[in-house]
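Participant: Before I ask anything, let me first share the structure, which is written out below as structure tokens.
Derivation of every value follows stated rules applied to the coordinates shown; laboratory data play no part. Remember, it's a predicted structure, so these values are computed and weren't measured experimentally. Quick reminder, even Gly has a Cβ in these numbers, built from the backbone with ideal geometry, and neighbours come from all protein chains shown.
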Amino acid sequence: MPSEPAPADGDPTSFREKARSWAEKHETAVRVVKAVGTTVGAAVAIMVVKHVMTQSVTEYADDDQDAKDKRLPPLSDT
């Protein structure tokens, strides 16, 4: 059951033509989906960057503590 009648010349409509027609009819919805997708993508990217930065800071703090533990005790003057 096609949603649209067949073209006047009787040739089947290509997928590209159907997609273009649908996008023109639903232009606002397409824009909203693009905006939501961009926003979600940016939010995920920010969360990943924060996570990586937190992991890096924790890792460097652990490395710094390890370095302090490995230092030689101070030399005595006696």
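Participant: Quick check: residue separation of Arg16 and Ala45 times 0.36 nm, minus the Cα distance between them. What number comes out in nm?
Facilitator: Numbers: separation 29, 0.36 × 29 = 10.44 nm, distance 3.23 nm.
Separation in residues times 0.36 nm, less the Cα-Cα distance, equals 7.2 nm.
Participant: So for the pair Glu27, Ser56, with labels modelled 7 Å out along Cα→Cβ, what separation do we get in nm?
Facilitator: So the label points at Glu27 and Ser56 sit 4.4 nm apart.
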